[in-house]
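In what follows, a single structure is set out as structure tokens and then discussed.
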């Protein structure tokens, strides 16, 4: 492994939760790792790639469904496999996920789903715990980096013990916050990989699926016993003088223990199946049981349904991310009060498209022509913000194609000609191609713009099938958006540099006035993705830094709070200079790379 983590104590490493999961997978002998980039999950695979372990088959998948199927195939062949995605990606992968619970697996199969409470970088505040119950799969949830490491390793063992996929639920704070990790010795697995035919198990036609449904229920019964007996669920604090006890999971447990160290806390690592007998015993010991959890009342509902007396948080706390102040209010039973706003904060600066971004030209032309723009997930969603204010919808990955088709089919001709779809290149390969096929098949005469910047820009510049590079940096066949569209039957395909605004405007006028489906590929590489990493690097002067947090609002993963100032990670800095633009105190300076 080529990555050297920061050692802060003998035998201990300082790791973010995503880094801890990657290290655990490597130490558990994973042989397949794939997924689709999505904040806050992206760094798991990126960290694995940095290890340079050629024994691991590693790569980005076009979408989460494909990733889960690839991982399941590796696990069918007896290999340990890891698949990563964010919570909305689990929706895309739900079809194979639910059925894989019926087939089961032979090698350890762990699916990391990273939820985003507070919607820092997401279009909804989904709670992935419901998928564990829906599919009948075990789910583990860590509360810090040490548990992320330990539970990820346990997940592979648990998967093989019960021959089932295992969900590992992460959340934004656990993914990105750093804490100490004491790794265990790596496993050396001596096994051969290969598929063994078992038609009744792996061919899910109805006759076989009905029998596997029985197997699933039997497995869940054994998993419930495991969850009751495992030492992963722990009680913190004796609570001799406490008036109540708390059941919590994930980062909520950390907040409770931080804000009320004298309150006994049953921290659940197995959030499905729930150890209900263990919870009932804890309730008898503490009497008054409070359930503290982020988002909805998933734990509370199950605990009450089992007849265990418990109370939960007030309704306002079901929305958004928890923090120590909000948890303190929950514990004290007081209404939530908005935090005071410091008087010396700089004015808010909403995210914008980067200076020089080709998307700016596209949206300027769309605004000039007063078109109705069906948007998608990516940097171009920023086209909805002032001063462009041009994007009219943003629903989910690939929806820019289908939404435009739907409006076209029901609107009058004048309005139908004003509707265009906008999608990025990575999103096109993820879930836009089928929408284009639908448009061609059903005789659409609409227009789609594919903003091809040759990267997955919004999540940090990851590669995809159209970049010509794999996750490990090796060369790959480069899928061409225009050629794919022609292969899908689109007769009018044009490739335009968005800097050619006159040409783009002319193409849009012709396409929206035409009588056949048109695709305009606006091709210009992302400025950040194309800039060599060696050209620029930035550091923060600790003495000049006022710790105002302005640079942190860029969302750059290279920035991390330190003791009274902000530090820039040399390994993660891409040299974009946005932190220097945000800083009002001149604390950020550019240095020459060696």
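The values are calculated or read from the model by the stated rules, or taken from the named source; none is laboratory data. Owing to the predicted nature of the structure, the values given are computational and were not obtained by experimental measurement. Quick reminder, even Gly has a Cβ in these numbers, built from the backbone with ideal geometry, and neighbours come from all protein chains shown.
Report whether or not residue 309 is closer than 27 Å to residue 250 by Cβ, surrounded by fewer than 13 Cβ atoms within 10 Å (Cβ to Cβ) and touching a strand residue (DSSP E or B) at 6+ places or on another chain (Cβ under 8 Å).
yes
Those residues that are closer than 22 Å to residue 454 by Cα and part of a loop (DSSP other than H, G, I, E, B), I need them from region 26-83; list them, please.
Matches in region 26-83: 36, 37, 38, 39, 40, 41, 42, 61, 62, 63.
Inside region 361-377, can you point out the residues that are under 29 Å from the mean Cα position of the chain (by Cα) and either without any contact (Cβ under 8 Å) to a residue 40 or more places away in the chain or assigned to a loop (DSSP other than H, G, I, E, B) (or both)?
Within region 361-377, 363, 375, 376, 377 qualify.
With 383, 460 as the choices, which residue is touching a strand residue (DSSP E or B) at 6+ places or on another chain (Cβ under 8 Å) and either under 30 Å from residue 584 (Cβ atoms) or surrounded by fewer than 18 Cβ atoms within 10 Å (Cβ to Cβ) (or both)?
Working: 460 fails: touching a strand residue (DSSP E or B) at 6+ places or on another chain (Cβ under 8 Å).
Selected residue: 383, the only one of 383, 460 that is touching a strand residue (DSSP E or B) at 6+ places or on another chain (Cβ under 8 Å) and either under 30 Å from residue 584 (Cβ atoms) or surrounded by fewer than 18 Cβ atoms within 10 Å (Cβ to Cβ) (or both).
Quick one: in region 527-546, which of the residues that are assigned to a loop (DSSP other than H, G, I, E, B) and either modelled with pLDDT under 80 or in the same structural domain as residue 367 (by TED's automatic domain parsing) (or both) is farthest from residue 358 (Cα to Cα)?
So in region 527-546, the residues assigned to a loop (DSSP other than H, G, I, E, B) come out as 531-536, 541-546.
Subsequent filtering for residues that are either modelled with pLDDT under 80 or in the same structural domain as residue 367 (by TED's automatic domain parsing) (or both) retains 531-536.
Details: 531: 15, 532: 18, 533: 20, 534: 23, 535: 22, 536: 22 Å.
Looking at the filtered set, the residue picked out is 534.
Just checking, does region 161-172 include any residue being crowded, with 22+ Cβ neighbours inside 10 Å and assigned to a helix (DSSP H, G or I)?
Our first condition is that a residue be crowded, with 22+ Cβ neighbours inside 10 Å; within region 161-172, this holds for 164-172.
Now narrow it down to the ones that are assigned to a helix (DSSP H, G or I): 172.
Yes, because at least one residue in region 161-172 is crowded, with 22+ Cβ neighbours inside 10 Å and assigned to a helix (DSSP H, G or I).
How many residues does region 415-454 contain that are at positive phi and under 22 Å from the mean Cα position of the chain (by Cα)? So that I can check it myself, show each step before the final result.
Applying the first criterion (at positive phi) to region 415-454 yields 443, 454.
Those left that are additionally under 22 Å from the mean Cα position of the chain (by Cα): 454.
Total satisfying the criteria: 1.
Out of 401, 436, which single residue is under 19 Å from residue 489 (Cα atoms), assigned to a helix (DSSP H, G or I) and in contact with a strand residue (DSSP E or B) (Cβ under 6 Å, 6 or more places away or on another chain)?
None of the others qualify; the one that does is 401.
I'm trying to understand the selection: among the residues of region 470-523, which are part of a loop (DSSP other than H, G, I, E, B), under 27 Å from the mean Cα position of the chain (by Cα) and closer than 24 Å to residue 359 by Cβ? Walk me through it before giving the result.
If we filter region 470-523 for residues that are part of a loop (DSSP other than H, G, I, E, B), which is where we start, we get 470-474, 476-480, 488-491, 497-500, 514-517.
Now narrow it down to the ones that are under 27 Å from the mean Cα position of the chain (by Cα): 470-474, 476-480.
478, 479, 480, listed by residue number.
Here is a list of conditions, (1) touching a residue at least 60 places away in the same chain (Cβ under 8 Å); (2) surrounded by 14 or more Cβ atoms within 10 Å (Cβ to Cβ); (3) assigned to a loop (DSSP other than H, G, I, E, B), and residue 346 meets all of them except one; can you say which number that is?
That leaves (2) as the condition not met.
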